[in-house]
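Engineer: Quick one: the structure is below, and I'll ask about it shortly.
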């Protein structure tokens, strides 16, 4: 009988020890999940590119329904805990404009509107940095009607370019 009780106690101690170890592992896992994400520019671009083809939808920032331009940029950065404006016009007040040679992946491009060349009307994210020859990802309301990659050097965007800002730092 004593051997049985000793055996049961040992089994219980081992079981308790394993449960404590698992709880510690789970709490470490929980910490890593809720810890701020260390931001890498390539991660921002990879995440944004996963949204290619999402339809354009005015005043929307939901990948299941669609994005307008500022909704797309806002949604991408929100994933990385960076708060950005929700309207394209508000992007005009962001940060100091960069020189083309300073452009990097993940920087935000700000453009004047298509019809109104005095007001901010469009935004995107640089996905291939090459100064004024950079490529950017954005949600277009034009022919493509959705998240696409465009060239900053195209006539459509070169003439409307307002500034590029680094919100990642």
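Engineer: Arrange the peptides 112-120, 52-60 so that the one whose residues have, on average, the most other Cβ atoms within 10 Å appears first.
Structural biologist: Highest mean packing first, the order is 52-60, 112-120.
Engineer: Return P(r) of the stretch 38-115 (all Cα-Cα pairs; 10 Å bins starting at 0; whole %; ordered from short to long distances).
Structural biologist: Here the calculated profile for the stretch 38-115 is 17, 49, 32, 2.
Engineer: May I pose another question? Taking Cα pairs under 8 Å and at least six residues apart, what relative contact order does the stretch 56-160 come out at, in percent?
Structural biologist: 23 percent
Engineer: Report the Rg/Rh value for the stretch 52-166, based on alpha-carbon coordinates and the Kirkwood definition of Rh.
Structural biologist: Values: Rg = 12.7 Å, Rh = 13.7 Å.
When Rh is taken as the Kirkwood radius, the ratio is 0.92.
Engineer: I need the shape label for the stretch 92-142. Rule: rounded when a/c is under 1.5, else prolate if a/b > b/c, else oblate, with a, b, c from the alpha carbon gyration tensor.
Structural biologist: Oblate is the answer for the stretch 92-142, as a/c is 1.5 or above yet b/c matches or exceeds a/b.
Taken together, the values in this text are just the output of simple stated rules run on the coordinates, not laboratory data. Owing to the predicted nature of the structure, the values given are computational and were not obtained by experimental measurement. So basically every Cβ, Gly included, is an ideal-geometry build from the backbone, and we count neighbours across all protein chains shown.
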